[in-house]
Amino acid sequence: MLGLLKGLKTTLKAFFSKPVTVMYPYHKMEVAPSGQGLIRLRVTELGNKPVFKCTACGICAKNCPQNCITVKKMKDEKQPDIYKVDYSYCIFCRICIDTCPFDALEQTQEYEWVGETRDYFVHNKKDLAMDKVFEEGKKE
Amino acid sequence: MVWWLVFLWALLKLVIAVGFVLVTALILIYMLRKVMGRMQYRMGPRHHGPHGVFQTMFDAVKLLGKENIIPKDVDKWPYLWAPVIVFVPSLTIFALLPFAEKIVATNIEISLFFVFAIMGISTISLIMAGWGSNNKYALLGGLRSAAQMMSYEIPLILSAIGVVIMAGSMNLVEIVRAQQNIYYIVPQAVAFFVFMTSALAELNHTPFDIPEAESEIVAGFNIEYSGFRFASFFLAEFVNLFIICALATILFLGGWLPFTNPVYGTLFFLFKTYILIFVTMWIRSTFPRFRLDQFMNFGWKLLLPLSLVNIFVTGTVVLVVDNIRGL
Amino acid sequence: MLTEEFEKTVEDLPKDYMEVNFGPHHPSTHGVFRFIARVDGERIVGIDPVIGYLHRGVEKMAERKTYIQFKPLVDRLDYTGALLNELCYCQALEKMAEIEVPERAQAIRVISAELNRICAHLIFYGAIGLEAGAFTPFLFSFAEREKALQLLEMLAGGRLTFNYITIGGVRKDIPNGFKSELEKFLSIFPKRLKVFEDLFTGNEIFKSRTQGIGVIKMEDAFDWAMSGPTLRGSGARFDIRKAEPYSGYEKYDFDIPAGENGDVYDRYLVRMAEMRQSLRIIEQAAEDIPSGDIQVKVPKVLKLPEGEIYYRNEGTKGEIGFYIISDGGKTPYRMKIRTPSFSHLSALGFVLKGAYIADAIVILGSFDTVMGSVDR
């Protein structure tokens, strides 16, 4: 009998304490800075022009376990002409960030994204470079 | 000219009674979700009205709107009438429960006996449901549940006999009146324990809910029911919960005493009933469930002898005290 | 004590028993597992397990990817305790390539691995409550698990799959604020464990559901290749962290809990005690983390010398082993993964003989299998 009464006391104490619910989506929990989210390209200034730090060497595409990155270099500049990431294949392992020799990729904390077609999940270099990746009307 | 007025008055009382029953069921379901949620560190329903009070009503409306599926090869008569029959005893008993001194629909001499007699009818609806669905799991679940309910009715009734001996009458109003000096929970503590435990088993509540929540062989007798037929089994369970807690209040906790005023009496009666309902829900969210053979053992080998011993001791003490007073 | 009787399959039994199918959609958790039980009234006479619903071909994929590319997939084997799988894999490669891991990295590895072990045992606590019929322990344990997962997210960057332990160390250093949060967690968690024990451990209904059920004697447990808490519940004090210490475990002081009777209740008690021992290890490891690098320099494309290696670790459910045969190239020639849940499930027919149907679910829950590691 004693064990049963102890159990009842525990639930009664829980009844009078504060619930731990977080009312998503009105309140959200904070994600730590090292949390997993989307991967995006870094942009710096060279002179006054914004350029990508990426030089389209292709090391990230070779090392990706899922082969979801496509890179093609521009003819005369060291900038990517085509840089596409297919997020429906990505497993967020961050091997691309670790192996990049130019530190051109970084990780955000975006985790809420909903798409209606399969093409939504292929991000090209314009989407990857923007600050807010999911505003309306910017995906082509 | 007078006869149709009488008829109208009876119809009005009937509508009020049925309305009260359904509103009670809705309130109890809402209370269960909130209480169980709070005990698990979460909130219950929150949208749909302030603090989610309309959630159950919307759920009932949703269940009403579901497709009317009758599986092939069912036995039509038991299958279709089982959800109706499970409600009938509960509504009938409401006519006999006293809420205050004068507020009782019908007051007959042996109302306690009548209540227990009618409560047994709801068992047959489970057997009908189990047989009527053309499914071996439903049959197994229905038979198990029927066996459980039948074997726990005996300690339930026997534990109330101690109260009848002390009060000297089977009328519910008389029993409450006889508790003016002391509530019967104090001399009849053992009977109270047996009554509440058998009540949990009658209602298929945890820790005795093997027929209902058998996660090994799916959900027992109501596996083939969907839509409002399922809802009627569910509502009937909550109405039965209210009835049994009201009976326990009348028999052991003194009903509406010490208030004789009808308004205050009813309110105090409802307050005591809801405390007992809260205790049932508290037990429901804490304990795991027994295995089938373990609780058959518990019922036949522990509760039945306890209630018999209780009758014996109560009878002896009452006889001795009466003789001493007579001397 | 294997006799020929236990070697018979279900097909050899006389065929007038009722067949009950516990389909792949289980009401209680544990993944997609199906077994068909021959039932005589209420007692199980024999079972026929069916696995393979979660097979992803991990061992075949290993032959096509380099060692560094394969590492994220190792997380997904036993997904309740992912860091422990990574630890075993990386240590196997480091032993074969003869790479020394710095001490700071070893201490961080131990902290993250033990936190992950606590998370996995909390899932067990919730699941066995569900199987016994009480809904409350599940929600209690997931509320506690949230705090441990937030700590892991701060440190490792993920909640379920991490990719944090790399060949030669760990990926990122300890961030600011981690130590104070860890100390807060370490001071609150023992009290919460006491609340969990009050709720369930002394409960007479739970004890009558779990004592004397699913008894495995020590010799049978060794015969069926059990390991981990399932083996320790039968009385054998065998833990790979003490028998073949790795990654600095020899520096820490902790006990190995073991049961006496080998029933479900003892396995439950062993796991609750292991959570407390993990807390002890974390406290000792976090007291003074040595300074230094967190990762040694490893070539971008790792090539292992020719040969083979079998390396084992104490995972959350038992012994995880990696057997790698390398032919000197960039990809392994063969990688075989030994998981504890596979061996435990093979013993299910033996343990369930003669048990009630209602007990079969509780016994399966006490083995604490996770189908990602059975099917690979």
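The values are calculated or read from the model by the stated rules, or taken from the named source; none is laboratory data. This one's a predicted model, so the numbers in the text were calculated from it and none came from an experiment. Reconstructed Cβ throughout: ideal geometry from the backbone, glycine too, with neighbour counts over all protein chains shown.
Things to note:
- Test: residue in segment C:10-30 that is of a type outside the set (A, V, I, L, M, F, W, C), in a strand (DSSP E or B) and either modelled with pLDDT under 90 or surrounded by fewer than 17 Cβ atoms within 10 Å (Cβ to Cβ) (or both): yes
- The number of residues in segment C:236-285 that are within 22 Å of C:A148 (Cβ to Cβ), in contact with a helix residue (DSSP H, G or I) (Cβ under 6 Å, 6 or more places away or on another chain) and of a type in the set (A, V, I, L, M, F, W, C) comes to 6.
- Residues in segment C:243-257 that are at negative phi and more than 17 Å from the chain's Cα centre (by Cα): C:A243, C:E244, C:P245, C:Y246, C:Y249, C:E250, C:K251, C:Y252, C:D253, C:F254, C:D255.
- Among (1) more than 11 Å from chain C (Cβ to nearest Cβ); (2) of a type in the set (A, V, I, L, M, F, W, C); (3) within 28 Å of C:L160 (Cβ to Cβ), the one test that A:I91 misses: (1)
Let's see how each residue does on (1) touching a Cys at 6+ places or on another chain (Cβ under 9 Å); (2) in contact (Cβ under 8 Å) with a residue 12 or more places away in the chain; (3) within 14 Å of chain A (Cβ to nearest Cβ); (4) not hydrophobic (A, V, I, L, M, F, W, C):
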site: C:G23; (1), (2), (3), (4): no, no, no, yes
site: C:A37; (1), (2), (3), (4): no, yes, no, no
site: C:I44; (1), (2), (3), (4): no, yes, no, no
site: C:V50; (1), (2), (3), (4): no, yes, no, no
site: C:A62; (1), (2), (3), (4): no, yes, yes, no
site: C:V74; (1), (2), (3), (4): yes, yes, yes, no
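- Considering (1) touching a His at 6+ places or on another chain (Cβ under 9 Å); (2) within 13 Å of chain C (Cβ to nearest Cβ), the lone condition that A:L38 does not fulfil carries the number (2).
- Selection within segment B:1-52 - within 14 Å of chain C (Cβ to nearest Cβ), in contact (Cβ under 8 Å) with a residue 12 or more places away in the chain and part of a helix (DSSP H, G or I): B:L32, B:R33, B:V35, B:M36, B:M39
- Segment C:82-106, residues that are out of contact with any strand residue (DSSP E or B) (no Cβ under 9 Å at 6 or more places or on another chain) and either buried (at least 24 other Cβ atoms within 10 Å of the Cβ) or among the aromatic types (F, W, Y) (or both): C:A82
- Output for segment C:295-311, where each listed residue is under 26 Å from C:E250 (Cβ atoms) and out of contact with any Ser or Thr (no Cβ under 9 Å at 6 or more places or on another chain): C:V296, C:Y310, C:Y311
- Flag for A:G3 being surrounded by 16 or more Cβ atoms within 10 Å (Cβ to Cβ), in a loop (DSSP other than H, G, I, E, B) and modelled with pLDDT under 85: no
- Check on C:A37, closer than 23 Å to B:Y137 by Cβ and in contact with a Gly (Cβ under 8 Å, 6 or more places away or on another chain): yes
- Looking only at segment B:42-56, and only at residues there that are of a type in the set (G, A, S) and over 22 Å from C:F138 (Cα atoms), the one that is modelled with the highest pLDDT: B:G52
- Qualifying positions in segment C:329-349 - out of contact with any strand residue (DSSP E or B) (no Cβ under 9 Å at 6 or more places or on another chain) and surrounded by fewer than 15 Cβ atoms within 10 Å (Cβ to Cβ): C:G329, C:K330
- Enumerated strands (runs of 3 or more DSSP E) restricted to segment A:18-87, each holding at least 1 residues that are surrounded by fewer than 18 Cβ atoms within 10 Å (Cβ to Cβ): A:43-46, A:49-52, A:69-73, A:80-86
Okay, residues lined up against (1) within 29 Å of C:G248 (Cα to Cα); (2) of a type outside the set (D, E):
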position: C:N85; (1), (2): yes, yes
position: C:A92; (1), (2): yes, yes
position: C:E100; (1), (2): yes, no
position: C:A107; (1), (2): yes, yes
position: C:S112; (1), (2): yes, yes
position: C:A143; (1), (2): no, yes
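- In this structure, B:K66 qualifies as assigned to a loop (DSSP other than H, G, I, E, B) and either over 22 Å from the mean Cα position of the chain (by Cα) or within 30 Å of B:K272 (Cα to Cα) (or both).
- Check on C:G354, over 26 Å from C:E314 (Cα atoms), in contact with a strand residue (DSSP E or B) (Cβ under 9 Å, 6 or more places away or on another chain) and more than 14 Å from chain B (Cβ to nearest Cβ): yes
- Number of the condition not met by C:I324 [criteria: (1) part of a helix (DSSP H, G or I); (2) more than 14 Å from every other protein chain (Cβ to nearest Cβ); (3) surrounded by 17 or more Cβ atoms within 10 Å (Cβ to Cβ)]: (1)
Matching residues to (1) among the acidic types (D, E); (2) within 11 Å of another protein chain (Cβ to nearest Cβ); (3) farther than 30 Å from B:M281 by Cβ:
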site: C:G81; (1), (2), (3): no, no, yes
site: C:R109; (1), (2), (3): no, no, yes
site: C:G126; (1), (2), (3): no, no, no
site: C:G129; (1), (2), (3): no, yes, no
site: C:A134; (1), (2), (3): no, yes, no
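- All conditions but one from (1) farther than 29 Å from B:L143 by Cβ; (2) among the aromatic types (F, W, Y); (3) within 12 Å of chain C (Cβ to nearest Cβ) apply to B:W256; the one that does not is (3).
- Spans of helices (runs of 4 or more DSSP H) in segment C:136-255 with at least 3 residues within 27 Å of B:S285 (Cβ to Cβ) and facing another protein chain (nearest Cβ under 9 Å): C:136-156, C:178-200, C:204-210
- Any chance C:Q277 is farther than 30 Å from C:K217 by Cα, in contact with an Asp or Glu (Cβ under 8 Å, 6 or more places away or on another chain) and polar (S, T, N, Q): no
- No other residue among B:R284, B:R289 is over 24 Å from B:V164 (Cβ atoms) and touching an Asp or Glu at 6+ places or on another chain (Cβ under 7 Å) apart from B:R289.
- Looking across segment B:280-311, the residues that are more than 21 Å from B:Y41 (Cα to Cα), within 11 Å of chain C (Cβ to nearest Cβ) and of a type outside the set (A, V, I, L, M) come down to B:R289, B:F290, B:R291, B:D293, B:Q294, B:F295, B:N297, B:F298.
- Selection over segment A:1-27 of residues that are touching an Asp or Glu at 6+ places or on another chain (Cβ under 9 Å) and more than 8 Å from every other protein chain (Cβ to nearest Cβ) gives a count of 1.
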